[in-house]
Amino acid sequence: MLGSLNHGEVQACSISNVPDELREVNEDAYKPKQISIGPLHRGATRHLQLMEEPKWHYMRELLDRQGTTPEQNRRSEVRLRECGYDILKLDKIICASYGGSNNNILEETDPHEITKIMIVDGCFLLELLIRIGDYMDNQNPNSYNNDAILNTEEKMLSVLNDVAMLENQIPFLVLKKLYRKVFPDGSEIKDDYRVANIVRKAFGYPLVNSSGGAHILHLMHLSTVEQSQQHEGKKAKLELLRCATKLRASG
């Protein structure tokens with residue numbers, strides 16, 4: 001386990017439980033309502049169990065983005081199996097991302113089960129966030145009328161809220177590996193930028209060339225800090241301009 005803590009794209013214990021003192025105030029605020037991501041809340045309620053089926057549909061739709069001919073389908077399936085092998089090798093690294101008692105539970109879970117969760121939930125997340133980004137571009141409320149998850153704006157916002165919960169995360173490394181396998185034509189660095197920007201676009205952040213954080217919530221935190229720093233930098237420049245203008249005016 002100690003060796004897995006040194007992996008460059010993973011932060012140990014970055015996905016943990018919300019502290020008890022926060023949970024005691026409003027426990028339901030920290031539980032996903034529409035969709036569970038990762039192992040911590042998987043199947044915790046009847047509704048979350050029912051939403052497992054749409055995840056598989058989304059995964060199929062993501063694979064179909066590369067085409068739907070028999071040969072294209074075959075290639076997609078091969079790439080997905082290859083990704084399964086890759087993620088299975090990262091079992092210890094993925095477990096190290098989860099802190100506290102969650103780490104012990106995952107250590108005792110069949111690695112193949114963890115791999116399945118990562119692939120299904122990772123593909124679901126990519127397809128979901130791509131669709132939300134498309135919706136943000138089109139601003140067409142009728143775009144996903146037949147979509148079980150995005151058929152109303154209220155549900156879309158609720159799903160995004162679930163995706164941003166601390167206990168509802170998977171390592172960002174998984175999303176990157178899935179994207180590279182499903183869309184294999186780009187360079188690795190550019191693909192990492194694209195995955196991070198898929199997330200930023202869905203949550204309304206500016207698109208930039210940086211590759212993300214430990215997980216989606218961490219990326220959102222980094223993006224918020226970056227926006228704040230840019231805003232402060234602009235304020236400082238404006239203040240310097242005002243001072244220079246006053247100095248020129250005073251002769």
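The values are calculated or read from the model by the stated rules, or taken from the named source; none is laboratory data. Keep in mind that what you see is a predicted model, and the values were worked out from it rather than measured. A quick note on method: Cβ atoms are made from the backbone with ideal geometry, for glycine too, and the neighbour counts reach across all protein chains shown.
Taking region 202-217, which residues are over 26 Å from N138 (Cβ atoms) and either among the charged types (D, E, K, R) or modelled with pLDDT of 90 or more (or both)?
A214, H215, L217, listed by residue number.
Checking I149 against (1) in a helix (DSSP H, G or I); (2) in contact (Cβ under 8 Å) with a residue 60 or more places away in the chain, which single condition isn't satisfied?
Failing condition for I149: (1).
I'm told E107 meets every condition in (1) over 19 Å from the mean Cα position of the chain (by Cα); (2) at pLDDT 90 or above; (3) acidic (D, E) except one. Can you identify the failing condition by its number?
Result: E107 passes all but (2).
Please list, ordered by first then second residue, the pairs with beta carbon atoms under 7 Å, 6 or more apart or interchain, first in region 194-218 and closer than 16 Å to R180 by Cβ, second surrounded by fewer than 20 Cβ atoms within 10 Å (Cβ to Cβ) and aromatic (F, W, Y).
Matching pairs, first to second residue: S211/Y193.
Kindly provide the set of residues from region 171-185 that are outside any helix (DSSP H, G or I) and under 16 Å from the mean Cα position of the chain (by Cα), ordered by number.
P171
Pairs please, first residue from region 37-49 and touching a residue at least 40 places away in the same chain (Cβ under 8 Å) and surrounded by fewer than 18 Cβ atoms within 10 Å (Cβ to Cβ), second anywhere and part of a loop (DSSP other than H, G, I, E, B) and not acidic (D, E), Cβ atoms under 6 Å, 6+ apart in sequence or on different chains.
If the second residue must be part of a loop (DSSP other than H, G, I, E, B) and not acidic (D, E), the pairs left are R42/S36.
Test of understanding: among Q72, Q34, which residue is within 21 Å of the chain's Cα centre (by Cα), surrounded by fewer than 21 Cβ atoms within 10 Å (Cβ to Cβ) and not aliphatic (A, V, I, L, M)?
None of the other options fit; the residue is Q34.
How many residues, within region 133-164, are under 24 Å from H221 (Cβ atoms), surrounded by 14 or more Cβ atoms within 10 Å (Cβ to Cβ) and in contact with a Lys or Arg (Cβ under 8 Å, 6 or more places away or on another chain)?
Selection size over region 133-164: 4.
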